[in-house]
């Protein structure tokens, strides 16, 4: 092997080593690559991808279970540079949010590169091989039910409102708040209270107090 061939081999070897080193530094150290993942999506607010189970499949994760929450999943696609993804576990750390991009700031200045949340449209649904959901139609088909709000410890204002709220079967409380109380057939006590309220005009200030005074006087006699 002559001198020129040796030099060529050394040059090729150095180029290969440099290429491997640069790739290792970019991926393993700098983490300059984009990760794509499927994340939860709110079908009430966003146009999500809809994954549905396969009724003909027997493979775990694809077969139907009979539970709608497990058989249908609404998701979006998140893309983010690996260097910006925090090393935390969302299942154990509530504050962990690895897929939220840094919001843009300034005029034309973006806070984070290679970061986006992809929702469903005519193009992306073909790429994912699924269908899109319609938030308006989903809200009509699945109306949001009012959930009971639990007061936090030390929230005096919330606790006061909770204490002042009438129970469903507290007829006197509901009547005092001005809500219509419907008496059941045969409920003589409720009917009697309803008659008293009808006879006493709430616009007359001394009406209720006079009746109370008379009742107390009759008891004393």
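The values are calculated or read from the model by the stated rules, or taken from the named source; none is laboratory data. Keep in mind that what you see is a predicted model, and the values were worked out from it rather than measured. Cβ: placed from backbone, ideal geometry, glycine included. Neighbour counts: every protein chain shown.
Only one residue in 83, 76, 37, 22 is touching a residue at least 12 places away in the same chain (Cβ under 8 Å) and assigned to a helix (DSSP H, G or I). Which one? Spell out how you get there, then give the answer.
Details: 76 fails: assigned to a helix (DSSP H, G or I); 37 fails: assigned to a helix (DSSP H, G or I); 22 fails: touching a residue at least 12 places away in the same chain (Cβ under 8 Å).
One residue alone meets the criteria, 83.
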Here the residues within segment 23-64 that are farther than 24 Å from residue 122 by Cα and either in contact with a helix residue (DSSP H, G or I) (Cβ under 6 Å, 6 or more places away or on another chain) or modelled with pLDDT of 90 or more (or both) are 31, 32, 33, 64
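What are the residues in segment 82-102 that are in contact with a strand residue (DSSP E or B) (Cβ under 6 Å, 6 or more places away or on another chain) and assigned by the TED database to the domain that holds residue 39, if any? Let's see the steps before the verdict.
Here is the first cut: in segment 82-102, the ones in contact with a strand residue (DSSP E or B) (Cβ under 6 Å, 6 or more places away or on another chain) are 82, 99.
Correct list: 82 only.
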